[in-house]
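Please treat every number below as a calculation from the coordinates, not as lab data. Predicted, not measured: the structure shown is a model, and the values here were computed from it. Every residue, glycine as well, gets a Cβ built from its backbone with ideal geometry; the counts of neighbours run over all protein chains shown.
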Amino acid sequence: MPDFAIRTAVIPAAGFGTRMLPATKVVPKELLPVLDRPAIDYAVAEAAAIGIRDIVIVIAPSKMALPAYFARRPELERALHASGKRELLAELAAIGAGCRVRFVEQVTPRGLGDAVARTRGLVGTGPFAVLLPDVLIDAIPGGLSQLTDAFDGAPLVMVHEVDGAEVGRYGIAAPDPRRAGMLADLVEKPTPEAAPSRLAVTGRYILTSEVFDALGATPPGAGGEIQLTDALRRMLAAGHPVGWRRVRGQVHDLGNVEGWLAANLALAGRRGLLPAGEDALAPAAEVAMQ
Ligand code: G1P
């Protein structure tokens, strides 16, 4: 019986976060809060929820705040201890959700595919998950859990439907008409005319170690960067099956202010932090988006 357990999650976090400047000039976009937690916490929690205990985060040299966030702060812990703030101490201890968190540097921004390629030595040979932390999936069970339930040894990508005008921002799936749940092709950031569907890659993947060889052979693509989508496409062309599953839940893009705000409002509503009724909410959202 093959072992399909996913033990490691890769979280690429080396990007500049230009769409959220100037907020991301100094603070990595992965540390911007969604309600009261840094965005990356949601990705770590999603991975930990399926039993993953090993997290590999890819950072740029300018993003040392990320390792600092996952490291201990003894002087802060001592101060909280001295003032009897046990709940806050427990909050600090819960960062990382009990996982071992390791970091890999991507010195030159050469794309998502290159970022994933750099984790080869830490990921090893088993299947692994990739979570893009600027995508928050609001779903029960979580996005990664939905994907692992469907994992049978072949790589999988999660997709969600987008408007025709938006296809150029995503990897777009071409489902295989003859094999349910399997891909025929995958295209990174196509024009609306060239897009094979409106099924956009959501930023959750289960990959197998073959992807590292495919990445090594993948030349720069869209935006002059090495694209994970192109490596998966290369695997498809070489006869490796790659599957797709549609997310069941709400997808929020935290990389732009509208998506970040929508995520905050959705989570705040669930926690009872919003005034009752849509009438009260609508003007506040409009003001905040200006
Ligand atoms: C990346 C991937 C793309 C995917 C998207 C999801 O693009 O390359 O295939 O659809 O994330 O957010 P990026 O947003 O880094 O340009």
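Odds and ends about this structure:
- Across the options Pro155, Pro275, Ala173, the greatest Cα extent toward the positive end of the charge dipole of the range 146-290 (unit charges at beta carbon of Lys, Arg, Asp, Glu) belongs to Pro155.
- Computed helical MRE - 222 nm, the chain, DSSP H runs ≥ 4 contributing -39500 (n - 2.57), nearest 500: -9000 deg cm²/dmol
- The angle separating the long axis of helix 39-48 from the principal Cα axis of greatest extent in the chain is about 70 degrees.
- Database remark: amide H of Glu188 closer than 5 angstrom to the amide H of Ile172 (H placed geometrically; neighbours at sequence offset of 5 or more, or on other chains; Pro and chain starts carry no H).
- The HN-Hα couplings worked out from phi for the range 216-233 by the Karplus form 6.51 cos²θ - 1.76 cosθ + 1.60 (θ = phi - 60°) are x, 9, 8, x, x, x, 3, x, x, 10, 7, 9, 4, 4, 5, 5, 5, 4 Hz, whole numbers, x standing for Gly and Pro.
- Those residues of the range 12-49 whose amide nitrogen sits under 15 Å from the label point placed on Asp149, 7 Å along Cα→Cβ: 49
- Model label sites at Leu76 and Ala139, defined 7 Å from Cα along the beta-carbon direction, differ in position by 3.2 nm.
- With θ taken as phi - 60° and the Karplus curve 6.51 cos²θ - 1.76 cosθ + 1.60 applied, the whole-hertz 3J(HN,Hα) list for the range 63-74 is 10, 5, 5, 5, x, 4, 5, 8, 8, 7, 10, x Hz, x standing for glycine and proline.
- Contact order normalised by residue count of the chain, Cα under 8 Å, 6+ apart, percent: 21 percent
- Cα gyration tensor, the range 189-244 - rounded (a/c under 1.5), prolate or oblate: oblate
- Cβ-placed point charges (K, R +1; D, E -1), dipole of the chain about Cα centre in debye, nearest 20: 720 debye
- Student exercise, the range 1-73 dipole from Lys, Arg, Asp, Glu Cβ charges, in Debye to nearest 20: 320 debye
- Using the Cβ-Cβ distance between Arg7 and Asp185 with R0 = 30 Å, the FRET efficiency computed as 1/(1 + (r/R0)^6) comes to roughly 0.50.
- Taking other C-beta atoms within 10 Å as the exposure proxy, His81, His240 rank His81, His240 from fewest upward.
- Between the alpha-carbon centres of the range 165-220 and the range 1-43 there is a gap of 21 Å.
- On full extension, the segment bounded by Glu87 and Ala65 gains 5.6 nm, given 0.36 nm per residue less the C-alpha separation.
- In degrees, nearest ten, helix 278-289 long axis to first principal axis of the chain (Cα): 80 degrees
- Compared with the dominant Cα axis of the chain, that is its longest principal axis, helix 257-270 is turned about 60°.
- Estimated at 0.36 nm per residue, the fully extended path between Ala45 and Asp213 surpasses their Cα-Cα distance by 57.6 nm.
- Qualifying aspartates and glutamates (Cα of each under 14 Å from Cα of Lys29; at least 8 residues distant if same chain): Asp41, Asp134, Asp253
- ³J(HN,Hα), Karplus 6.51/-1.76/1.60, whole Hz, each residue of the range 96-103, x for Gly, Pro: x, 6, x, 8, 7, 10, 10, 10
- The range 41-99: Cα Rg divided by the 2.2 N^0.38 Å rule of thumb: 1.28
- Scanning residues 5 or more positions from Val56 or on other chains, those with amide H under 5 Å from its amide H are Ala9, Val10, Ile11, Arg102, with H placed 1.01 Å from N in the peptide plane.
- Farthest positive-ward along the chain dipole, Cα basis, beta-carbon charges - from Gly243, Val201, Leu144: Leu144
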